[in-house]
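Enquirer: Please read through the structure below; I'll follow up with questions.
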Amino acid sequence: MVIDLSPLYNFPSQFDRLFEGMWSPFLISQRSLAYPPLNLSETDEHILARLEIPGLQIGEIDLTLTEASLVIKGERKTIKGKYYRQERPSGHFQRVINIHAPISRDAVTARMRDGLLEIVIPKAEESKPKKISIEAS
């Protein structure tokens, strides 16, 4: 009589797959849950933050520039009702953008249009690239 033990050799990997499948819904990264969605870009001249905040008024958003960061706070009001599906987040939110370059604090601008908040943070002159000319000797 021959006893086939090969299924037992695969048991640890099958067991691991069982737990991976069970926990995967909870392994969503915090970045994917961040609200509002944020695009952050940089040029030689400025740092640009774009946030999608449809349905909010300008007065419902608070922008604060600290020594090393830009803080964006607000609240999307919860609409009462019976929902069959609710994908739009509601409640208080806060995003913090850390700034690692000298900036021109007095020249920072923000504007909102069609639910898109755009914040332009100009860099200070000392942080901008400087062209150096080469002299012939």
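Enquirer: Considering only region 17-24, I want to know if a residue exists there that is open to solvent by 50 Å² or more (accessible area, probe 1.4 Å), at pLDDT below 90, part of a loop (DSSP other than H, G, I, E, B) and among the charged types (D, E, K, R).
Expert: No, that holds for no residue.
Enquirer: Still on this model: Give the residues of region 69-112 that are small (Gly, Ala, Ser) and surrounded by 11 or more Cβ atoms within 10 Å (Cβ to Cβ), sorted by residue number.
Expert: SER69, GLY74, SER90, ALA101, SER104, ALA107, ALA110
Enquirer: Would you mind finding the one in GLU87, GLU67, GLU52, GLU75 that is touching a Pro at 6+ places or on another chain (Cβ under 8 Å) and of a type outside the set (Phe, Trp, Tyr)?
Expert: GLU52
Enquirer: If you don't mind, another one. Out of region 34-49, which residues are more than 10 Å from the chain's Cα centre (by Cα) and open to solvent by 60 Å² or more (accessible area, probe 1.4 Å)?
Expert: Listed by number, the residues that qualify are GLU42, THR43, ASP44, GLU45.
Enquirer: Still on this structure, please answer the following. Pull up region 79-100, narrow it to residues that are touching a Ser or Thr at 6+ places or on another chain (Cβ under 7 Å) and either closer than 13 Å to LEU48 by Cα or not hydrophobic (A, V, I, L, M, F, W, C) (or both), then point me to the one that is modelled with the lowest pLDDT.
Expert: Filtering first and then ranking leaves SER90.
The values are calculated or read from the model by the stated rules, or taken from the named source; none is laboratory data. Note that this is a predicted model, so its numbers are computed, not measured. Glycine also receives a Cβ, built like all others from the backbone with ideal geometry; neighbour counts cover every protein chain displayed. Surface areas here come from the heavy atoms of the whole protein model, side chains and all, with no ligands, DNA or RNA. Shrake-Rupley method; radii C 1.70, N 1.55, O 1.52, S 1.80 Å.
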